[in-house]
Amino acid sequence: MSNLQEEKTEKIDIKSMYLDELTDYVKAIGLPAFRAKQLFSWVHEKYVGDTDSMTNLTKDMREKIKEDGFVVLKEETRQVSKKDGTVKFLYKLYDGQMIETVFMRYSYGNSICISSQAGCRMGCRFCASTIGGLVRNLSASEMLEQVYATMRLTGERISNIVIMGTGEPLDNYDNVIRFIRLITDEKGYNLSMRNITMSTCGIVPKIDELADEKLAITLAISLHAPNDEKRRSLMPIAEKYSIKEILDACKRYFDITGRRISFEYSLVKGQNDSKEDALELAELLKGQNCHVNLIPVNSIEERNFEKGDNNSIQNFKLVLEKNSINVTIRRSVGSDIDAACGQLRRKYSVNI
């Protein structure tokens, strides 16, 4: 372990603290409890990027916060789409790891796609995020900072968050739950939980655990195949959990939360995009309170997967619609930059 990492583990992660934990912290350093609310507001309501901006705190307290651990991300580089203004940020973490964050403008507000891990161990074969495997989990503060730093850099408020970047959120369960509770705290940023979507490849026990949290977020399942055989060829997690097990967990999730499930389906030319695949998917999801999000796959250099033509994509959608499945095709943004998960991080790591 490097000296930098050793130093980090000894520090207190202030930005990841709930208000009651922050209250204990300020009391422990000999300050009155009301300072915790001031600090919480600076961090989560005003999302400042440095302790010097916390003008109603004493200089000694600001120095103590900085010393104990105030996580701020450094922008390493960015790409901006000339087509639609989508921005992909590459942020550098304290230990030199890089993570990606995508900022997207829509008519209904600004969205951000954040990463939950540096790397990923799920091994999905069409995704650049998994190349090189998992390095480590991100802290709640590192996820929060993707939101806060992006707003500081763009000067624009974010109204929708998708936890769908690099990493498997349910593989970093505790930190992701802490992130969600902090970003939605009414004393802080106060984002509606209904404006948060979390994507998972389908870790069944964690889906059940998430249901018990009773969070009003949208759960998106990365399905990508209409049967177990095809899913195993695309996603190693399918060796552990069958589609039936995942759908049963989704039903339990809906029964507990009342929140409709979204199924993500990446269309890979010649592998899962035929009329027969669409019919099988429709039969599989019949009776489920769900929505299917079709995603034309992004081509990446290290993989040989291709996107089908527009006709095949539209025909797939039509089959689902004729079988009463609620379906949309995800709007492609940032097609002229490395906007797909892991592409910019991978390219940067190869080139340095």
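The values are calculated or read from the model by the stated rules, or taken from the named source; none is laboratory data. The model shown is predicted, which means the values in this text are computed figures rather than measured ones. For neighbour counting, all protein chains shown are included, and Cβ atoms are generated from backbone atoms with ideal geometry for every residue, glycine included.
Points worth noting:
- Within region 209-220, the set of residues being of a type outside the set (A, V, I, L, M, F, W, C) and under 15 Å from Asp171 (Cβ atoms) comprises just one member, Glu209.
- Residue match in region 242-260 (condition: in a strand (DSSP E or B), modelled with pLDDT of 95 or more and in the same structural domain as Arg181 (by TED's automatic domain parsing)): no
- Any chance Phe316 is over 30 Å from Asp212 (Cβ atoms), buried (at least 19 other Cβ atoms within 10 Å of the Cβ) and aromatic (Phe, Trp, Tyr): yes
- Sole residue being in contact with a strand residue (DSSP E or B) (Cβ under 7 Å, 6 or more places away or on another chain) and among the small types (Gly, Ala, Ser), chosen from Ser242, Ser222: Ser222
- Of residues in region 50-82 being under 16 Å from Ser141 (Cα atoms) and of a type in the set (A, V, I, L, M, F, W, C), the one farthest from the chain's Cα centre (by Cα): Ile65
- Residues that are among the hydrophobic types (A, V, I, L, M, F, W, C) and within 14 Å of the chain's Cα centre (by Cα), drawn from region 110-157: Ile112, Cys113, Ile114, Ala118, Cys120, Leu138, Ala140, Met143, Leu144, Val147
- Condition met for Thr184 (over 22 Å from Cys124 (Cβ atoms), hydroxyl-bearing (Ser, Thr, Tyr) and within 18 Å of the chain's Cα centre (by Cα)): yes
- Looking across region 237-261 at every residue that is surrounded by 22 or more Cβ atoms within 10 Å (Cβ to Cβ) and small (Gly, Ala, Ser), the one that is nearest to Val292 (Cα to Cα) is identified as Ala249.
- Leading residue by the ranking (farthest from the chain's Cα centre (by Cα)) among those in region 212-226 that are of a type in the set (A, V, I, L, M, F, W, C) and closer than 30 Å to Lys307 by Cβ: Ala225
- Residues of region 203-236 satisfying the condition of being modelled with pLDDT of 95 or more, assigned to a helix (DSSP H, G or I), surrounded by 17 or more Cβ atoms within 10 Å (Cβ to Cβ) and out of contact with any helix residue (DSSP H, G or I) (no Cβ under 6 Å at 6 or more places or on another chain): Leu210, Lys230
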